[in-house]
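A.B. asks: Handing you this structure, nothing more for now.
The values are calculated or read from the model by the stated rules, or taken from the named source; none is laboratory data. Since the model is a prediction, treat every value here as computed from it, not as a measurement. Methodologically, a virtual Cβ is constructed for each residue, glycine included, from the backbone with ideal geometry; neighbour enumeration extends over all protein chains shown.
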Amino acid sequence: MPLEWVPCRFIDQEIEVRFNRSPILTKKPGAPDGFMWGDESFQVCQVLSTWFDYQRRGRMAKNLIPANLLTAAQRGSWGVGRFYFRVLTEDERVFDLYYDRAPKKAGDRAGHWFLWREMEAK
């Protein structure tokens with residue numbers, strides 16, 4: 001597989017994911033084993049890379065005292081952060097997915113999965 005990937009299509013839509021084994025930590029999951037996007041089902045064959053971003057966005061960026069910002073940026077805090085996964089699917093397509101830990105509303109404390117973009121070899 002090529003080592004350099006560039007976005008060929010931005011999608012940024014919420015998706016359903018599936019795991020062969022449920023993640024131990026629901027707010028810090030690993031890559032899913034598959035996902036549904038619209039009417040299409042994708043099987044993940046390989047995780048090419050992973051990374052995280054604990055950046056606080058919007059109002060959340062202003063609600064910590066400066067002494068705690070560094071710690072939060074390194075390990076996150078409840079409901080803040082994203083876990084990213086670059087995956088190769090069974091049909092040899094490469095996608096970037098992310099799990100957003102932020103709840104959408106008070107009654108929905110779970111995070112949500114998004115299909116961020118499709119990638120192509122450069």
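A.B. asks: How many of the residues in the range 65-95 are in a strand (DSSP E or B), modelled with pLDDT under 95 and either of a type in the set (A, V, I, L, M) or crowded, with 20+ Cβ neighbours inside 10 Å (or both)?
C.D. replies: Number satisfying all stated conditions: 2.
Here is a yes/no grid of residues against (1) of a type in the set (Phe, Trp, Tyr); (2) at pLDDT below 65; (3) surrounded by 17 or more Cβ atoms within 10 Å (Cβ to Cβ):
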| site | (1), (2), (3) |
| --- | --- |
| Lys62 | no, yes, no |
| Leu97 | no, no, yes |
| Gly107 | no, no, no |
| Ala110 | no, no, no |
| Arg117 | no, no, yes |
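A.B. asks: Quick one: Phe52 ticks every box in (1) closer than 28 Å to Lys122 by Cβ; (2) modelled with pLDDT of 90 or more; (3) surrounded by 11 or more Cβ atoms within 10 Å (Cβ to Cβ) bar one, so which box is it?
C.D. replies: So the condition that Phe52 fails would be (2).
Conditions tested, residue by residue: (1) at pLDDT 95 or above; (2) assigned to a loop (DSSP other than H, G, I, E, B).
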| position | (1), (2) |
| --- | --- |
| Leu3 | no, yes |
| Cys8 | yes, no |
| Ile11 | yes, no |
| Arg21 | no, yes |
| Leu25 | no, yes |
| Pro32 | yes, yes |
| Phe35 | yes, no |
| Gln43 | yes, no |
